[in-house]
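One structure is given below, encoded as structure tokens.
The values are calculated or read from the model by the stated rules, or taken from the named source; none is laboratory data. None of the values given here were measured: they were computed from a predicted structure. With ideal geometry, Cβ positions are generated from the backbone for all residues, glycine too; neighbour counts draw on all protein chains shown.
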Amino acid sequence: MLFSAIPGLDEIKKRLIAAVNNNHVAHAQLFDGAEGGGALPMAMAFATYVNCHNPQADDACGSCASCVQMSKLAHPDVTYVYPTAGGKKVLSENFITQWREFLNENPFGGISDWLEAIDIKQGNIPVEESRQVIQNLSLKSYEGGYKIVIIWMAEYMGIASANALLKILEEPPAKTLFLMVSNGTERLLTTIISRTQRIAVRSLTDDELKEYLIKSQGLPELRAQEVAFLSEGNIAYAKSIINQKDQNEKEWFANWMRYCYAFDLSKLVPLADSFDSLTKEAQKSLLDYGLKIIREIYLQCVGMDSLIKLEGEELVFVQKFSKVFKFENLDKITQEISEAQFHIERNARGKLVFLDTSLNIARLIK
């Protein structure tokens with residue numbers, strides 16, 4: 001992974017490169033970012049740069065022996081730790097093939113994507129994993145550079161596994177780097193946090209994500225803008241939206257609200273059948289889009305037009321429907337859609353959830 005493969009976040013890349021060039025590399029760092037963002041790729045790009053034999057001003061060279069090994073996730077001095085089923089015989093090294101496939105396909109993927117890839121329901125990082133890390137670090141570096149441990153989803157370490165690392169985190173062997181990645185630092189032990197330097201990896205801006213979707217995914221500008229708005233900086237979620245073929249959230253939601261406003265059951269029932277035929281992820285995506293549009297309608301209603309992030313047809317829709325919705329009911333409509341998401345997540349029948357939500361929204365619009 002190279003810095004150039006990560007969209008946006010230029011200020012973080014410059015900070016990390018400067019730390020290496022100024023010889024101010026903290027031995028334990030915590031890459032803290034939201035799920036679906038650049039925290040893990042940033043940690044991996046940093047690890048690549050640190051051990052690069054011919055580092056450039058703004059990135060690793062990408063062609064030296066170390067960079068090639070890193071690109072294949074096969075560098076002998078880099079240990080990867082991530083949630084698995086746990087236990088003495090089920091450690092990260094047992095899933096290295098799946099890990100390489102996972103990162104090659106979706107380096108911005110989240111924990112649910114990973115657990116699905118290895119077909120387990122609940123993962124953890126057991127104490128045996130920490131003991132294995134300590135043992136690996138007792139060996140000499142193969143390449144003569146840094147020995148690096150990348151711990152992804154560090155919050156999945158139990159108390160025992162976290163405590164087992166405390167001493168080596170405080171007094172690591174020479175030329176050793178711990179790069180921890182977390183989507184939920186509030187779940188980490190304070191003793192772990194206090195021994196690391198935090199690198200806050202912000203979410204991408206809409207413009208950064210839009211540019212990435214245009215260049216890397218080949219999306220036309222208007223569609224890239226729509227997906228960026230829906231994703232709120234979550235690259236993995238943006239890609240999942242793109243993979244939902246022939247789905248036009250804007251048109252679908254506009255029709256839904258029109259039918260609710262007209263209380264047209266002859267249209268709502270077929271729309272419910274259409275909703276029922278979608279995958280659970282597609283259903284959740286449509287409802288999530290609805291929540292975002294309701295939020296923009298709220299901004300329009302309270303006169304905060306400058307904060308609205310929409311353009312074109314979507315902006316016209318928001319402006320028109322802000323005159324239709326009762327302002328005092330917007331919060332209740334949001335609750336209805338959120339509750340629908342809750343039930344869909346728990347495998348309720350889509351058609352029933354959709355119809356019930358539609359009837360309640362029709363009442364609240366009026």
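Take F229 and tell me if it is part of a helix (DSSP H, G or I), more than 19 Å from I214 (Cβ to Cβ) and modelled with pLDDT under 85. Spelling it out, it is not the case that F229 is part of a helix (DSSP H, G or I), more than 19 Å from I214 (Cβ to Cβ) and modelled with pLDDT under 85. Residue count for the stretch 1-31, restricted to those that are buried (at least 23 other Cβ atoms within 10 Å of the Cβ) and farther than 21 Å from C61 by Cα: 2.
Just the residues that are basic (K, R) and more than 26 Å from S112 (Cα to Cα), please, taken from the stretch 140-191. Residues satisfying the conditions are K140, K147, K167, K175. Of all residues in the stretch 135-161, those that are farther than 27 Å from M1 by Cα and either among the basic types (K, R) or modelled with pLDDT of 90 or more (or both) total 3. A Cβ distance below 9 Å, combined with a sequence gap of six or more or placement on separate chains, defines the contacts here; from the stretch 252-267, residues that are on the phi > 0 side of the Ramachandran plot reach residues that are surrounded by fewer than 16 Cβ atoms within 10 Å (Cβ to Cβ) and assigned to a helix (DSSP H, G or I) in the pairs F263/L359; F263/R363. Answer yes or no as to whether E105 is in the same structural domain as T79 (by TED's automatic domain parsing) and farther than 25 Å from N234 by Cα. No; evaluated as a whole, the condition is false for this residue. Number of residues in the stretch 333-362 that are exposed (fewer than 14 other Cβ atoms within 10 Å of the Cβ), assigned to a helix (DSSP H, G or I) and of a type in the set (K, R) equals 0.
Under 16 Å from the mean Cα position of the chain (by Cα) and assigned to a helix (DSSP H, G or I): is that true of L115 in this structure? So L115 passes the test. Taken over the stretch 176-219, the residue count meeting the criterion of being in a helix (DSSP H, G or I), of a type in the set (A, V, I, L, M, F, W, C) and crowded, with 21+ Cβ neighbours inside 10 Å is 3. Taken over the stretch 247-272, the residue count meeting the criterion of being in a helix (DSSP H, G or I) and over 31 Å from the mean Cα position of the chain (by Cα) is 11. Would you confirm whether any residue within the stretch 314-322 is touching a Gly at 6+ places or on another chain (Cβ under 9 Å), exposed (fewer than 15 other Cβ atoms within 10 Å of the Cβ) and not charged (D, E, K, R)? Checking the stretch 314-322: not a single residue is touching a Gly at 6+ places or on another chain (Cβ under 9 Å), exposed (fewer than 15 other Cβ atoms within 10 Å of the Cβ) and not charged (D, E, K, R). If you filter the stretch 149-165 down to residues that are assigned to a helix (DSSP H, G or I) and without any contact (Cβ under 8 Å) to a residue 60 or more places away in the chain, you find that the one that is surrounded by the most Cβ atoms within 10 Å (Cβ to Cβ) is L165.
Among the residues making up the stretch 67-93, those that are in contact with a Ser or Thr (Cβ under 7 Å, 6 or more places away or on another chain) and not hydrophobic (A, V, I, L, M, F, W, C) are H75, D77, Y80, Y82, T84, S92. Residues considered: I17, I96. Of these, the only one that is in a helix (DSSP H, G or I) and modelled with pLDDT under 95 is I96.
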